[in-house]
1. Among the residues of the stretch 158-214, count how many are closer than 30 Å to MET112 by Cα, among the hydroxyl-bearing types (Ser, Thr, Tyr), open to solvent by 70 Å² or more (accessible area, probe 1.4 Å) and in contact (Cβ under 8 Å) with a residue 24 or more places away in the chain.
2. Determine if the stretch 79-87 includes at least one residue that is in contact (Cβ under 8 Å) with a residue 12 or more places away in the chain and part of a loop (DSSP other than H, G, I, E, B).
3. Mind checking whether some residue in the stretch 136-155 is outside any strand (DSSP E or B), within 30 Å of ASN287 (Cβ to Cβ), open to solvent by 20 Å² or more (accessible area, probe 1.4 Å) and not basic (Lys, Arg)?
4. Search the stretch 126-140 for residues that are without any contact (Cβ under 8 Å) to a residue 40 or more places away in the chain and pair each with any residue that is assigned to a strand (DSSP E or B) and surrounded by 15 or more Cβ atoms within 10 Å (Cβ to Cβ) when their beta-carbon atoms are under 6 Å apart and the residues are at least 6 apart or on different chains.
5. What residue, among those in the stretch 83-107 that are closer than 18 Å to MET167 by Cβ and either of a type in the set (S, T, N, Q) or at pLDDT below 95 (or both), is surrounded by the fewest Cβ atoms within 10 Å (Cβ to Cβ)?
6. Scan the stretch 239-261 for residues that are more than 18 Å from ARG187 (Cα to Cα), open to solvent by less than 70 Å² (accessible area, probe 1.4 Å), in a loop (DSSP other than H, G, I, E, B) and not hydrophobic (A, V, I, L, M, F, W, C) and jot them down.
7. Filter the stretch 275-286 for residues that are touching an Asp or Glu at 6+ places or on another chain (Cβ under 7 Å) and open to solvent by less than 70 Å² (accessible area, probe 1.4 Å); which is nearest to PRO248 (Cα to Cα)?
8. In the stretch 112-121, is there at least one residue being crowded, with 19+ Cβ neighbours inside 10 Å, aromatic (Phe, Trp, Tyr) and without any contact (Cβ under 8 Å) to a residue 60 or more places away in the chain?
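The values are calculated or read from the model by the stated rules, or taken from the named source; none is laboratory data. Quantities reported herein were computed from a predicted structural model and do not represent experimental measurements. Because the Cβ atoms are built from the backbone with ideal geometry, glycine has one as well, and the counts that use them run over all protein chains shown. The protein model used for the area step is the full one, side chains on, heavy atoms only, and it has no ligands, DNA or RNA in it. Shrake-Rupley method; radii C 1.70, N 1.55, O 1.52, S 1.80 Å.
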Amino acid sequence: MLPCSHIARCRYRAGRQSGFAVVSITVLMSIVILLIVYIQSDRLRAEVAASEPDLKQAYLERIRHSLETWYGAISASAFSGLTTSPPDAPTLLANISQQDQYNVQIQVSAEMTDASTGARYHFFAVWLPQPDLTVAIDEVVASEKFEFQQPPRFGFILSGKAVHAMMLAAAESRARSLATTLESWFRTKSMLHSGATINDNYFRAANCTKPQEYELPCVNNFDTAASESLLDRLGLSNSETRNPWGIPFELSNDDPDDRGKPQTEAPFSMQIRTETPWGRELLINVNQPI
């Protein structure tokens, strides 16, 4: 090979070769990076697709929990609203403080009645749409039937009957706990009061206009304000004086057979009353401990 006779020309040729090498390396690195990105993106898409069922199930579990909590603490007006004008999914989601995801569908049943207890309740069907499945609900009020004719892959049916049974049990438990407190009051006051006999009624003040410190105020025929005054005298916490729906218990310590008048013969008693959002009355008798 002949020596390069012009220095500038040699430098130009060397520069072109060097530039071509840099471009080639850059193109090769770009191809490698694109290939890596494609592989990672494909792997990420596969991971997302694999986790989607878990995400949907987790979402439905949040809906179920929120729906149970809301329906368990439902007010009488809200219960009536479900019966007279069942809400659509967006309205119900707002009631239970949840956001719509996956175009969730919710259907509320007609009001149903438990023949054994008289409890009134609703079913809730919740599901996520599927392209290849049209979900239909089989609803027969007489037989308390509410179910999917074609069960969706992602969905559930919540029985309000079970929720109400749990809340009613809690209401009964609180009422009986309050009854135990009243019985303890009666026993303690009779023990501390010298000269007490079986014919002394510590469920009700002897003088209704001016109850003594050791006496409970007079409550005639479940008067709400007087009931709250009596409960305040017991020094209980707020939750102990209210049913699970947040409504204060009503009490009476008059004669159930002659309202407004005191009982005249032992054993003495009083009553605790509360009502469910669906209109069932719960009545507990408190009896003089003997």
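1. Of the residues in the stretch 158-214, the ones closer than 30 Å to MET112 by Cα are 158-176.
Within this subset, residues satisfying the condition of being among the hydroxyl-bearing types (Ser, Thr, Tyr) are 159, 173.
Right, trim to open to solvent by 70 Å² or more (accessible area, probe 1.4 Å) and you get 173.
Now restrict to residues that are in contact (Cβ under 8 Å) with a residue 24 or more places away in the chain: none.
Within the stretch 158-214, residues that are closer than 30 Å to MET112 by Cα, among the hydroxyl-bearing types (Ser, Thr, Tyr), open to solvent by 70 Å² or more (accessible area, probe 1.4 Å) and in contact (Cβ under 8 Å) with a residue 24 or more places away in the chain number 0.
2. Quick first cut of the stretch 79-87, residues in contact (Cβ under 8 Å) with a residue 12 or more places away in the chain only: 79, 82-83, 86-87.
Add one more test, that the residue is part of a loop (DSSP other than H, G, I, E, B), and what stays is 86-87.
Yes, the stretch 79-87 contains a residue that is in contact (Cβ under 8 Å) with a residue 12 or more places away in the chain and part of a loop (DSSP other than H, G, I, E, B).
3. Initial filter on the stretch 136-155 (outside any strand (DSSP E or B)): 136, 141-144, 149-154.
Add one more test, that the residue is within 30 Å of ASN287 (Cβ to Cβ), and what stays is none.
No: the stretch 136-155 contains no residue that is outside any strand (DSSP E or B), within 30 Å of ASN287 (Cβ to Cβ), open to solvent by 20 Å² or more (accessible area, probe 1.4 Å) and not basic (Lys, Arg).
4. TRP127/GLN105; TRP127/GLY155; VAL135/TRP127; ILE137/GLN107; ILE137/ALA125; GLU139/PHE146
5. Quick first cut of the stretch 83-107, residues closer than 18 Å to MET167 by Cβ only: 83, 95-96.
Then drop every residue that is not either of a type in the set (S, T, N, Q) or at pLDDT below 95 (or both), which leaves 83, 95.
On the way: THR83: 15, ASN95: 17.
My answer is THR83.
6. ASN243, PRO244, GLY246, ASP254, PRO256, GLY260
7. Ranking the qualifying residues of the stretch 275-286, first place goes to LEU282.
8. Filtering the stretch 112-121 down to residues crowded, with 19+ Cβ neighbours inside 10 Å leaves 112, 119-121.
Imposing the further condition that a residue be aromatic (Phe, Trp, Tyr) reduces the set to 121.
From what is left, the residues that are without any contact (Cβ under 8 Å) to a residue 60 or more places away in the chain are none.
For the stretch 112-121, residues crowded, with 19+ Cβ neighbours inside 10 Å, aromatic (Phe, Trp, Tyr) and without any contact (Cβ under 8 Å) to a residue 60 or more places away in the chain: absent.
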